[in-house]
Structure formats: structure tokens, C-alpha cells
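One structure below.
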Amino acid sequence: MPGRLEGRIAVVTAAGQGIGKAIADRFVAEGATVWASDLDADRLTDAAYADARRLDVTDTAAIEAYAARIGPIDVLANVAGWVHHGTVLDCAEADWDRSFDVNVKSAHRTIRAFLPALLERAERTGRTTSIINLASGAATRALPNRYAYAASKAAMVAMTKAVAIDFAARQVRCNAISPGTVDSPSLRERVAALGETLGGYEIAWQQFVDRQPMGRLATPQEIAALAVYLASDEAAFVTGADMPVDGGFGA
């Protein structure tokens, strides 16, 4: 039985671990040809990818060269992100700039570079193509010490909607996924750092669990399941949406 993404060509950033890896692996399992990238190329160990390489999403020239190399695609998944911890008083100008460069401008770069390829593919195949942006529940629900992160992810949602309305008539869809807290290697690194100030890893971990109404964190695979839907023909009439996978976090 063919997969839901059979014949699709997909590009996934930050595919070395966590949500990005789960999306890339699930796309492969559903039949897609996947071009996977990450800032740390050593994390890209899955031989099933069509191509796996280092990519700095803050490097405009590198992204443009990457897009030119790949050509027409069906799916672009922008997963790269960075979490700044702190209030406005803790946010230096460099922290603010990095938050927006990694969390927003990186997606601007990839969308601008790959949009001609997405348009060409939609015209050639007669089916919609898909851009999937990783936003966050923090974009719409206030959380302590997420000042720059929340602002940048809210900008990602607004950018998603802007791209969606501009290209809906040309059959390129653009949607955002807004997870709650996800159990990932990057989260565990932040928990370890926070635990040093709170008196232990378990204390810090429980803080993240306690803010989730379901009493647990999401898995990367649960986020990837929605990404498959948004990439597939099942979502052919879905664009401009900010879709939560948050266990009631934003309710």
C-alpha cells in the first residue's frame, strides 16, 4: 500500500534530532524523498534520506545554493529554532537578534528560496504543495521567561498566514504547527541548565510537566503526525492555519 507522501519531494531543516528528525523519518516512512539538513551534520545518520548535509539556516547564500541544487519540491518543513530563557530585562540585543534570525528569518530565507520550486511543482503536478512552519504554543499563551522566544514565534505565525493568503490561488499552502512542551534532546539540555539553579534536574523537569494539562509532555512523533497530514493531499484545502498539538496547553 503506497504511503501518504508517495512521490513527494520534501525538505526538512533541523532534522538531526527531536521534532525535525521525527518529521524527516515519518516523511520517509510515508514514501517521500527527503532532503534533510542540520547545523550539526553528524546527527544526520539515517541512510534513508536522499541527501543529508550541514546547513546553517542563518546563511542566506547557503540556503539559496541548497534550493538551486534540489530543484522542484512538494514540501518544505521549517523546523529550526532556538529558545531564549528570560524576561525583557534578561534579553540583550544579541539575544533578541538571534531569536528572530533563527526562529523567523531562517524560515523567510527558506520560503523565499524554495517558493519558485514549490510553485513549479504545484503547476506541474496539479496538486497543492505545502510549507510547514514550526511555531509554538508560547506564541499565543504567555509563559514566564519566554519574552524573545514568544515574540519570534508569534511573528512566525503571522508570516505563515501572510504567505498562505498570497499564494493560495497558486496552490501553495502554508501552515504552522504550535506544539506545547515536547520531550526532545534540546528540552532536556534546557532542563539540565535550569536544574542547576533550582536544585536538581527532577525539580526543573516537573515544572515543564506541571504546565501541561494532560500531565505529560508531547513526543516528537506526535508532532510529526500532524506534519504528515499537512504535507499530504488530505490537507489540500488547509492553508493559513496555526494548528496546536499541545495537550490542552492553550485551552
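The values are calculated or read from the model by the stated rules, or taken from the named source; none is laboratory data. In this text, all values refer to a predicted model and were calculated from it rather than measured experimentally. Cβ coordinates were reconstructed from backbone atoms using ideal geometry, including for glycine residues, and neighbour counts include every protein chain displayed.
Table for the structure above
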read-out: The range 1-47 - residue that is touching a Leu at 6+ places or on another chain (Cβ under 8 Å) and in a loop (DSSP other than H, G, I, E, B) and, of those, nearest to A77 (Cα to Cα); value: T13
read-out: Within the range 112-135, tally of residues that are assigned to a helix (DSSP H, G or I) and either surrounded by fewer than 20 Cβ atoms within 10 Å (Cβ to Cβ) or not assigned by TED's automatic domain parsing to the domain that holds K161 (or both); value: 7
read-out: Residue match in the range 139-152 (condition: assigned to a helix (DSSP H, G or I), in contact with a strand residue (DSSP E or B) (Cβ under 9 Å, 6 or more places away or on another chain), polar (S, T, N, Q) and at pLDDT 95 or above); value: no
read-out: Set A41, A29, A47: member being modelled with pLDDT of 95 or more and in the same structural domain as D233 (by TED's automatic domain parsing); value: A29
read-out: Lone unmet requirement of (1) touching a Ser or Thr at 6+ places or on another chain (Cβ under 6 Å); (2) buried (at least 22 other Cβ atoms within 10 Å of the Cβ); (3) under 30 Å from L194 (Cα atoms) for D101; value: (2)
read-out: Matching residues in the range 71-98 - criterion: being over 22 Å from S152 (Cα atoms) and surrounded by fewer than 17 Cβ atoms within 10 Å (Cβ to Cβ); value: G71
read-out: Any pair with Cβ under 6 angstrom, 6 or more apart, that starts in the range 137-166 at a residue that is within 16 Å of F208 (Cβ to Cβ) and not assigned by TED's automatic domain parsing to the domain that holds D210 and ends at one that is outside any helix (DSSP H, G or I) and among the basic types (K, R); value: A138/R146
read-out: Close pairs from the range 179-201: first without any contact (Cβ under 8 Å) to a residue 24 or more places away in the chain, partner of a type in the set (A, V, I, L, M, F, W, C), Cβ under 7 Å, at least 6 apart; value: V191/A204; V191/W205; V191/F208; G195/I203; G195/A204; L198/A204; Y201/V191; Y201/A192
read-out: The range 203-251: number of residues that are assigned to a loop (DSSP other than H, G, I, E, B), touching a Pro at 6+ places or on another chain (Cβ under 8 Å) and of a type in the set (A, V, I, L, M); value: 1
read-out: Top-ranked residue of the range 48-98 - restricted to ones that are among the basic types (K, R) and assigned to a helix (DSSP H, G or I), ranked as farthest from L118 (Cα to Cα); value: R98
